[in-house]
Each structure stands twice: as C-alpha cells, then as structure tokens.
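Remarks on the structure that follows.
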Amino acid sequence: YAYTDLPEKAIAEFEKSMNLLDNSDKSEETLNYAKALNHIKIANVYEGQKEFLKLKKTLLQADKYIHLLQKEKTRNNFLYINYCNLGAAYLQNKNFDSTIYYIQKSLELAPKKENHLIEFRNYLILGKALNERNETTQAIHYLKKAERLEPFLAVSIDEKETLYSNLVSAYEALGN
C-alpha cells in the first residue's frame, strides 16, 4: 500500500502487523528485527505525507528495536540506514545540529563497501545541512563526495536536483 499511494491502508496494515508481532511466539531477536524493519518501512509513508513529527517518532522507535538486536553486524547495518533516515528527518525540521549528529553516526558505521546509496545520501544531507548553516566550504566538501558517488548509483532525479542546486548555491555564496 505504501508504494501504491494508499498511505492510510499502509498505516492500518502496519498497525495490524505490529499487533501480530506483539502476540507472536518467535524469538526476541526475530521480533526486534521485524519490528525495526516495520517501523523503517512505515516511516517512508510518513515522509511521503510530509508528517515529519510522526516520521521522527517512528524512526526513533525503530532505533529502540535496533539496539535490542544481538547480532552486531545486523544491528550496525540497521543503524547505518536508520541514522541516515533520522538525519534526513531532522533536516526537514531545520534542526541542523541533530541532522549533522545522526549523519556522522551513520558515516561511522558505513560498511567498507564503496558506492553505497546510503553513503551518497549521507553526504548529500550533510552537505545540505552545512549549506543551510552557511558553512559553505564544508558543504562543498561533502557535496563533492556525493557527486563522485552519483554516477555509480541509482540516484533519483530529486536527489540529483538537490545535489546540484546545493552545489550551485554554495559556489554562489563563495562568489565562484
């Protein structure tokens, strides 16, 4: 439902699935994994609806389940994605300190694999936040990192537009 533009049905199904998980007899590890994934998925619906308070609360709830995961590699992979999402959520509210905090936490957990879409998004979000704070030189540094990754990834048109419009505004601010 989330991908077919039926957000109300997606939210209703999310609530049903959470009830099923709450009453499941599966292991705690399996349940925490499923609950974290469920929250991350429904967060995309809130983002699409521009309900940023619900988005942030949902991602913070996912964070609680992620931290309960016992397998370090699984936990770190989830945190890598969720911290990026939290950074994006805080950026929407122009809370740049929290944006930078979560993006840096995500970057610390980046897998060694190069050319990862989350890495691109981290650099893009960080560059945009720094641009908004008029930390132009640092913004360009991270935006250029995102630009180097972009040709290797399935980056959306919106993300490309955000990348290049932020580069343009940063260079204009420097008179370049």
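If residue 136 satisfies all but one of (1) among the hydroxyl-bearing types (Ser, Thr, Tyr); (2) open to solvent by less than 40 Å² (accessible area, probe 1.4 Å); (3) within 22 Å of residue 47 (Cα to Cα), what's the number of the condition it fails?
(3)
Could you tell me which residue of region 26-47 is least open to solvent (accessible area, probe 1.4 Å), considering only residues that are of a type in the set (D, E, K, R) and in a helix (DSSP H, G or I)?
35
When the residues of region 151-164 are filtered to those that are assigned to a helix (DSSP H, G or I) and more than 14 Å from residue 125 (Cβ to Cβ), which remaining residue is least open to solvent (accessible area, probe 1.4 Å)?
It comes out as 160.
Note down all Cβ pairs under 7 Å where the first residue falls in region 73-85 and is charged (D, E, K, R), the second is surrounded by 24 or more Cβ atoms within 10 Å (Cβ to Cβ), and they're at least six residues apart or on different chains.
Pairs found: 75/66.
For residues that are under 21 Å from residue 134 (Cα atoms) and either open to solvent by 60 Å² or more (accessible area, probe 1.4 Å) or of a type in the set (A, V, I, L, M, F, W, C) (or both), tally how many sit in region 48-94.
Of the residues in region 48-94, 6 are under 21 Å from residue 134 (Cα atoms) and either open to solvent by 60 Å² or more (accessible area, probe 1.4 Å) or of a type in the set (A, V, I, L, M, F, W, C) (or both).
Kindly provide the set of residues from region 48-69 that are at pLDDT 95 or above and outside any helix (DSSP H, G or I), ordered by number.
Listed by number, the residues that qualify are 68, 69.
For region 67-113, name all the residues that are among the polar types (S, T, N, Q) and touching a helix residue (DSSP H, G or I) at 6+ places or on another chain (Cβ under 8 Å).
Answer for region 67-113, where residues must be among the polar types (S, T, N, Q) and touching a helix residue (DSSP H, G or I) at 6+ places or on another chain (Cβ under 8 Å): 70, 74, 82, 85, 92, 93, 98, 99, 104, 106.
Please pick out the residue among 62, 88, 43 that is aliphatic (A, V, I, L, M), more than 20 Å from residue 166 (Cβ to Cβ) and in contact with a Ser or Thr (Cβ under 9 Å, 6 or more places away or on another chain).
Just a single option satisfies the conditions, and that option is 43.
The values are calculated or read from the model by the stated rules, or taken from the named source; none is laboratory data. Note that this is a predicted model, so its numbers are computed, not measured. All Cβ positions, even for glycine, are placed from backbone atoms using ideal geometry, and neighbour counts span all protein chains on display. We work out accessible area using only protein heavy atoms, side chains counted, and drop any ligands, DNA or RNA first. Shrake-Rupley method; radii C 1.70, N 1.55, O 1.52, S 1.80 Å.
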